[in-house]
1. Out of everything in segment 73-109 that is among the small types (Gly, Ala, Ser) and farther than 30 Å from residue 123 by Cα, what residue ends up being nearest to the chain's Cα centre (by Cα)?
2. Run residue 68 past the list (1) in contact with a strand residue (DSSP E or B) (Cβ under 7 Å, 6 or more places away or on another chain); (2) on the phi < 0 side of the Ramachandran plot; (3) touching a residue at least 40 places away in the same chain (Cβ under 8 Å) and report the number of the one that doesn't hold.
3. Picking from 40, 10, 26, 57, which residue would you name as being touching a residue at least 24 places away in the same chain (Cβ under 8 Å), at positive phi and open to solvent by less than 60 Å² (accessible area, probe 1.4 Å)?
4. Can you find, within segment 60-80, the residue that is farthest from residue 116 (Cα to Cα) among those that are open to solvent by less than 40 Å² (accessible area, probe 1.4 Å) and polar (S, T, N, Q)?
5. Among the residues in segment 81-104, are any at pLDDT below 95 and open to solvent by less than 30 Å² (accessible area, probe 1.4 Å)?
6. Considering only segment 59-74, how many residues are modelled with pLDDT of 95 or more and not in a strand (DSSP E or B)?
7. Go through segment 43-54 residue by residue and tally those that are open to solvent by 50 Å² or more (accessible area, probe 1.4 Å), under 21 Å from residue 21 (Cβ atoms) and either in a loop (DSSP other than H, G, I, E, B) or in contact with a Ser or Thr (Cβ under 7 Å, 6 or more places away or on another chain) (or both).
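The values are calculated or read from the model by the stated rules, or taken from the named source; none is laboratory data. What you are looking at is a predicted structure, and each value in this text was computed from that prediction instead of being measured. With ideal geometry, Cβ positions are generated from the backbone for all residues, glycine too; neighbour counts draw on all protein chains shown. These area figures cover heavy atoms from the full protein model, side chains too; ligands, DNA and RNA do not enter into them. Shrake-Rupley method; radii C 1.70, N 1.55, O 1.52, S 1.80 Å.
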Amino acid sequence: QVQLVESGGGFVQAGGSVRLSCAASGRSISDYAMGWFRQGPGPERQFVGSFPWSGSGTYYEPSVKGRFTISRDNAKNTVTLQMNSLKPEDTAVYYCVARFRGDGLNWLTNDSWGQGTQVTVSS
């Protein structure tokens with residue numbers, strides 16, 4: 001099982017940028033679909049973006065497409081989420097997730113999740 005640790009959250013004004021990192025250990029992320037979710041005040045985690053295990057496709061939630069960019073560095077075993085043009089509604093705890101040989105679209109609660117990092121966007 002891969003272990004994930006997120007970092008890079010904090011406070012930012014609307015319109016600003018934040019870069020989140022997800023450091024993986026225990027297994028190579030090259031064997032995993034990697035993704036980001038977030039949880040705001042509501043009860044459910046919302047999909048943000050992901051890579052499938054294989055192939056070059058990248059998926060984004062429509063409200064973040066064009067503002068957020070997800071990237072992976074298999075050599076460093078890290079995934080990043082670059083968030084630009086942030087809005088107050090982007091305020092949430094952001095979670096990194098990994099699924100062994102996943103398609104990047106289907107995720108389960110028993111996949112590998114990080115502990116989350118808080119991003120707060122002030123208006």
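1. Quick first cut of segment 73-109, residues among the small types (Gly, Ala, Ser) only: 75, 85, 92, 98, 102, 104.
After this cut, where a residue has to be farther than 30 Å from residue 123 by Cα as well, the list is 75, 98, 102, 104.
Working: 75: 18, 98: 10, 102: 15, 104: 12 Å.
Taking the candidates together, the pick is 98.
2. Just one mismatch for residue 68, condition (3).
3. Only one candidate passes the filter, namely 10.
4. Selected residue: 77.
5. Yes; the residues of segment 81-104 include at least one that is at pLDDT below 95 and open to solvent by less than 30 Å² (accessible area, probe 1.4 Å).
6. Residues meeting the conditions: 6.
7. Counting residues in segment 43-54 that are open to solvent by 50 Å² or more (accessible area, probe 1.4 Å), under 21 Å from residue 21 (Cβ atoms) and either in a loop (DSSP other than H, G, I, E, B) or in contact with a Ser or Thr (Cβ under 7 Å, 6 or more places away or on another chain) (or both) gives 2.
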